[in-house]
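Presented below is the structure to which this report refers.
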Amino acid sequence: MITSKTISQGILKAVATLVLVCAALYFIYKIQTVILYITVSLVLCLIANPFTVFLKKRLKFSNLLATITVLFIFVLSLIGFVLLFVPLIISQAQNLSLLDTNMLQNQVSIIEANVENYFNLHQIDVKKIVSNSDFSSKVDFNYFTDFLNSVINTIANFGMGIASVFFITFFFLKDQRFFKEKAKMILPDQNEDKILNSVEKINHLLARYLTGLLIQLLVVFIMYFIVLLIFGNENALIIAFLCALLNVIPYIGPIIATVLAAILTLISNIGAHFSTEMLPTTIYVVIGFLIVQVIDNNVSQPIIFSKSVKSHPLEIFLVTLISGITFGIFGMVVAIPIYTSLKVIAKEFFPDNKIVAVLTENI
């Protein structure tokens, strides 16, 4: 018989559960940076494992020496990656130093006059619209100072992040056997096999996802490179490489890449006539990048998501969108690996659940 005491206890239990879940989500939100470091370290471990195994089995390296060697290769790769962009920075700086501001101002004034004449012919008073909008009062002139401070903080945080990731990765690689043994000791005996099977499947799917992602980035890089070559960009290789890397961020990354390519194309064509060369070339590059993104979104990504992590593209889109709204760019980057891991765990522990069965039928 259901009594008021039973009902009140049920309500209290539900409220307590809801509070704990909210607290856990808030805690995860607050430590999202640490989770990102650990996630990146785990990805590096997936990449490094084959190399460490090769060094230990084929070249008879000790575990410590193999770990240090692989991390040293990663550090050299990172330094090479940074140095790759030095020529781009120098080139763009030289282009900016050649900028004829008077000529550019005259060209912009001509375009502005043409636009104003167009609106006047259609009886649209642009000056009145601008004055009524009171645009100047809405401009935050502290924006550029805040932006500069933001850039400096980002660089500092990036350096700290790199150091943290390599530190975590070192111990993950060096003591992975120790971590596995300790994990087995902690795991409950009745669920040990399920957990170990889940970890094995997750490693397999994430390795497939990482491979597919690298293939996608390579395809996007080649297409970006071809677009930039067609329009004679001097730094086509470096710009294409940088823009392809931004595709790691789902949906937002390609937009940032397109804006970046447009800015760099404008800077690269400084000295040319603005309305007949600089602007048309930039527009063509943007159109080319948009075409690449259409091909990538409709061909490359669906193949990767359906084949590597065995999830429907719409399913991935919704998960990524929700993660982005909740956790920002960080959530979008880690959404697919975490969602895939949760699906594997759910299938292993709740195979008879109808919702789980539908979502994991291909795993």
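Per-structure values
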{"read-out": "Close pairs (6 angstrom Cβ cut-off, 6 or more residues apart or separate chains): among the aromatic types (Phe, Trp, Tyr) in region 42-67, not in a helix (DSSP H, G or I) anywhere", "value": "none"}
{"read-out": "Residue in region 284-306 that is part of a helix (DSSP H, G or I), out of contact with any helix residue (DSSP H, G or I) (no Cβ under 6 Å at 6 or more places or on another chain) and of a type in the set (Phe, Trp, Tyr) present", "value": "yes"}
{"read-out": "Count of residues meeting criterion [more than 25 Å from ILE336 (Cα to Cα) and open to solvent by less than 50 Å² (accessible area, probe 1.4 Å)] in region 171-190", "value": "2"}
{"read-out": "Matching residues in region 58-72 - criterion: being crowded, with 17+ Cβ neighbours inside 10 Å, of a type in the set (Phe, Trp, Tyr) and closer than 14 Å to PHE166 by Cα", "value": "none"}
{"read-out": "Tally, over region 335-363, of residues that are modelled with pLDDT under 80, farther than 22 Å from ASN191 by Cβ and surrounded by 18 or more Cβ atoms within 10 Å (Cβ to Cβ)", "value": "0"}
{"read-out": "Matching residues, region 311-363, being among the acidic types (Asp, Glu) and assigned to a loop (DSSP other than H, G, I, E, B)", "value": "ASP352, GLU361"}
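The values are calculated or read from the model by the stated rules, or taken from the named source; none is laboratory data. Model, not experiment: these values are computed from the prediction. Methodologically, a virtual Cβ is constructed for each residue, glycine included, from the backbone with ideal geometry; neighbour enumeration extends over all protein chains shown. Surface accessibility is based on the protein's heavy atoms, side chains included, excluding ligands, DNA and RNA. Shrake-Rupley method; radii C 1.70, N 1.55, O 1.52, S 1.80 Å.
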